[in-house]
Amino acid sequence: MFLGFFKNADYSNPSVYLKQGEQTKFIFNETDLKSFKQELGEIKLDKDLFKIITYINLKKNYSSKRKFEKFSRTAKEIFLSGDYSGGCTDYALVFETIARQLGIPTIHVQLADLDWIEDLNSGLNGVRGHHICECYINNKWVCVDVVENNINGIYEKESLIVGNRKCFAKSLDVFETGIHSLEENNRIMKKLFLRNNN
């Protein structure tokens with residue numbers, strides 16, 4: 001599904017985004033999934049997506065102090081450990097895996113902060129970005145930010161600007177873009193956004 005950096009997704013067939021990627025393979029078997037659906041209830045409207053966000057937060061292991069390499073774990077590893085130390089990436093990966101299993105077409109969206117792009121091109125270091133999802137529900141696409149508990153029903157899916165951030169990748173998961181570590185992510189983002197490299 002990944003079309004390349006700065007390419008928009010093909011929205012003509014939402015069912016394509018029910019497919020799981022290598023990083024978002026099924027977490028639950030059929031028995032577990034049936035129980036999971038009963039626990040969450042029916043999800044058919046934008047506001048119902050909060051049920052998935054709430055479920056993820058309830059399953060979080062707040063006592064864990066381990067630090068994992070960001071971008072390197074599968075959604076299953078993150079969910080079973082209950083450790084979301086990878087931040088927005090981890091939350092988005094688990095959310096999209098569950099959403100697809102519940103029949104909601106979902107796209108993983110990687111963003112770079114616009115002020116970071118300016119800082120990068122002014123010679124400052126570091127990387128700042130965010131990971132969100134796009135979900136097709138109730139016959140429309142909505143933007144879902146799991147970390148900020150925000151579902152934007154008026155999200156303009158064709159735009160590569162989301163708030164104060166620039167979208168650079170839409171995919172089934174992070175692995176699909178060729179990123180498997182924080183180091184790879186930072187290298188790719190700097191290459192994409194450093195103006196004299198383009």
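The values are calculated or read from the model by the stated rules, or taken from the named source; none is laboratory data. As the structure is a prediction and not an experimental result, all values here were calculated from the model. Here the Cβ positions follow ideal geometry from the backbone for every residue, glycine too, while neighbour counts run over all protein chains shown.
Are any residues in the range 120-133 touching a residue at least 60 places away in the same chain (Cβ under 8 Å), touching a helix residue (DSSP H, G or I) at 6+ places or on another chain (Cβ under 6 Å) and not in a helix (DSSP H, G or I), and if so, which ones?
Within the range 120-133, just Val127 meets the criteria.
Every residue, every condition in (1) surrounded by 16 or more Cβ atoms within 10 Å (Cβ to Cβ); (2) under 15 Å from the mean Cα position of the chain (by Cα); (3) closer than 19 Å to Thr97 by Cβ, yes or no:
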residue: Ser35; (1), (2), (3): no, no, yes
residue: Glu39; (1), (2), (3): no, no, yes
residue: Asp46; (1), (2), (3): yes, no, no
residue: Leu49; (1), (2), (3): yes, yes, yes
residue: Leu58; (1), (2), (3): no, no, yes
residue: Tyr62; (1), (2), (3): no, no, no
residue: Ala75; (1), (2), (3): yes, yes, yes
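Please give the number of the condition Lys44 fails out of (1) under 21 Å from Tyr136 (Cβ atoms); (2) out of contact with any helix residue (DSSP H, G or I) (no Cβ under 7 Å at 6 or more places or on another chain); (3) not in a loop (DSSP other than H, G, I, E, B).
(3)
Of everything in the range 77-119, what is farther than 21 Å from Ala9 by Cβ, buried (at least 21 other Cβ atoms within 10 Å of the Cβ) and in contact (Cβ under 8 Å) with a residue 40 or more places away in the chain? Give them in sequence order.
Scanning the range 77-119 gives a single hit, Phe79.
Identify all residues within the range 149-183 that are part of a helix (DSSP H, G or I), at pLDDT below 95 and not aliphatic (A, V, I, L, M); write none if there are none.
At the first step, the residues of the range 149-183 found to be part of a helix (DSSP H, G or I) are 175-177, 182-183.
Next, from what is left, pick out any that are at pLDDT below 95: 182-183.
If the condition is that a residue be part of a helix (DSSP H, G or I), at pLDDT below 95 and not aliphatic (A, V, I, L, M), then Glu183 is the only one that fits.
Could you identify the single residue in Phe71, Phe95 that is within 30 Å of Gly4 (Cβ to Cβ), of a type in the set (Phe, Trp, Tyr), outside any loop (DSSP other than H, G, I, E, B) and touching a helix residue (DSSP H, G or I) at 6+ places or on another chain (Cβ under 8 Å)?
Values: Phe71 fails: outside any loop (DSSP other than H, G, I, E, B).
From the options Phe71, Phe95, the qualifying one is Phe95.
Among Glu148, Glu183, Glu156, which is free of Cβ contacts under 8 Å to residues at least 12 places away in the same chain, under 17 Å from Ala9 (Cβ atoms) and surrounded by fewer than 19 Cβ atoms within 10 Å (Cβ to Cβ)?
Working: Glu148 fails: under 17 Å from Ala9 (Cβ atoms); Glu183 fails: under 17 Å from Ala9 (Cβ atoms).
The unique qualifying residue is Glu156.
Using the structure shown, decide if Ile53 is modelled with pLDDT of 85 or more, within 16 Å of the chain's Cα centre (by Cα) and aliphatic (A, V, I, L, M).
Details: modelled with pLDDT of 85 or more: yes; within 16 Å of the chain's Cα centre (by Cα): yes; aliphatic (A, V, I, L, M): yes.
Yes.
To keep it simple, each residue is scored yes or no on (1) out of contact with any Phe, Trp or Tyr (no Cβ under 7 Å at 6 or more places or on another chain); (2) under 21 Å from Arg73 (Cα atoms); (3) crowded, with 20+ Cβ neighbours inside 10 Å; (4) in contact (Cβ under 8 Å) with a residue 60 or more places away in the chain.
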{"residue": "Asn139", "(1), (2), (3), (4)": "yes, no, no, no"}
{"residue": "Asn152", "(1), (2), (3), (4)": "yes, no, no, no"}
{"residue": "Asn164", "(1), (2), (3), (4)": "yes, no, no, no"}
{"residue": "Lys170", "(1), (2), (3), (4)": "yes, yes, yes, yes"}
{"residue": "Ile179", "(1), (2), (3), (4)": "no, yes, yes, yes"}
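Go through the range 1-33 and give me each residue that's assigned to a helix (DSSP H, G or I) and either surrounded by 14 or more Cβ atoms within 10 Å (Cβ to Cβ) or of a type outside the set (Ser, Thr, Tyr) (or both).
Residues of the range 1-33 assigned to a helix (DSSP H, G or I): 14-18, 30-33.
Within the range 1-33, Pro14, Val16, Tyr17, Leu18, Glu30, Asp32, Leu33 qualify.
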